[in-house]
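The values are calculated or read from the model by the stated rules, or taken from the named source; none is laboratory data. Just so we're clear, the structure is a prediction, and the values are computed from it rather than from any experiment. Virtual Cβ from ideal backbone geometry, glycine too; neighbours counted across all protein chains shown. Just the protein is used for accessible areas: all its heavy atoms, side chains included, with ligands, DNA and RNA removed. Shrake-Rupley method; radii C 1.70, N 1.55, O 1.52, S 1.80 Å.
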Amino acid sequence: MSPRSRGLLVAAVDIAVPIGLYYLLRASGVSDHGALLVSSLVPGLSIVLALVRRRRPDGLSLFMTAMILGSAAVSLLVHDDRLLLAKDGWFTAVAGLWFLATTRGDRPLAFTLSRFLLEGRIGPNRESWDVLWERLPAFRRIWRVVTVIYGTGLLLDAAVRIVMAYTLPVDVVLGLGAVQYGVFLLLIQVAINAYLVPTGLYNRYSRLYAQETVAEAE
C-alpha cells in the first residue's frame, strides 16, 4: 500500500472507529460520558504508533500528534459531556488558525498537504514543486490563496460543530459530526477547485507554466 493510500485509510479509521465504538458502547448500556471518553482516545493510538515507527517525525506530524494527544488529554480531564463533544470544534478552530498563520510562511500548509497528493501529477515535466515554487510567483500565490480558503473553511466548520455540541442531543451529535466531515470535504474541494481550475494549475500548457518558459528564455 502506498503512503498516500495508507494515510487516507488511517484518516478514515480515525473517524469511523470512534463513532462506531461510541454507539456500540451506548447500546451496551455505557453512560454518555464513558462512551465519549473511550471513543475520544482511539484516534490517538494510530498517531502514537506512527510516531514510534517513524522516530523522526516532521513538523506536520508533530502538530497532528499534539492535536490528537491534546484532545485525548481534554477527554481525560473534562467531565462535561458537552465540552467533550465541543472539543472537536475547538481543535478544528485551532487547525484553521494554523492554516491562516502559515499563509505568509516559507511554505503555506495547503502547499505541504497538496504536494503529498498531487506532486508529479500536475505541472510540466513532473517537476518538483520546490522548483516550481522558486520559479513561479503565481504558483506561490495560488497556494497562499488555497491556504486561506482552507483555513477559513475550517473555522466555519468549527463554529458549526461547537453550536451542534451545545444545542443537539448528545447521541445525535457524533452521528451528525461524521456526516459533517463528508459535507465539509465535499464543499471545501468544490470551493478550492472552483479557484484552482481557472488558474491553470491542472493544465501543463496553461499561461501559469508558460511564465516559466519565458523566464528561462530571457
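Numerical summary
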read-out: Residue that is modelled with the lowest pLDDT [pool: residues in segment 114-170 that are more than 21 Å from Phe99 (Cα to Cα) and among the basic types (Lys, Arg)]; value: Arg126
read-out: Search result, residues across segment 99-151 that are among the aromatic types (Phe, Trp, Tyr) and open to solvent by 60 Å² or more (accessible area, probe 1.4 Å); value: Phe116
read-out: Test: residue in segment 197-211 that is among the small types (Gly, Ala, Ser), assigned to a helix (DSSP H, G or I), open to solvent by 40 Å² or more (accessible area, probe 1.4 Å) and closer than 18 Å to Asn125 by Cα; value: yes
read-out: Every pair of residues 6+ apart whose Cβ atoms lie under 7 Å, when the first sits in segment 85-106 and is in contact (Cβ under 8 Å) with a residue 24 or more places away in the chain and of a type outside the set (Lys, Arg) while the second is crowded, with 18+ Cβ neighbours inside 10 Å and outside any helix (DSSP H, G or I); value: Thr102/Pro108
read-out: Some residue of segment 82-96 being over 18 Å from the mean Cα position of the chain (by Cα), surrounded by fewer than 20 Cβ atoms within 10 Å (Cβ to Cβ), hydrophobic (A, V, I, L, M, F, W, C) and in a helix (DSSP H, G or I); value: yes
read-out: Matching residues in segment 156-172 - criterion: being in contact with a helix residue (DSSP H, G or I) (Cβ under 6 Å, 6 or more places away or on another chain) and surrounded by fewer than 17 Cβ atoms within 10 Å (Cβ to Cβ); value: Tyr166
read-out: Residues (more than 20 Å from the chain's Cα centre (by Cα) and either closer than 14 Å to Leu196 by Cα or in a helix (DSSP H, G or I) (or both)) located in segment 110-128; value: Ile122, Gly123, Pro124, Asn125, Arg126
read-out: Top-ranked residue in segment 173-187 [being under 14 Å from Ala86 (Cβ atoms) and either in contact with a Phe, Trp or Tyr (Cβ under 9 Å, 6 or more places away or on another chain) or free of Cβ contacts under 8 Å to residues at least 40 places away in the same chain (or both); ranked as surrounded by the fewest Cβ atoms within 10 Å (Cβ to Cβ)]; value: Leu176
read-out: Tally of residues being among the aromatic types (Phe, Trp, Tyr) and within 21 Å of the chain's Cα centre (by Cα) across segment 129-143; value: 2
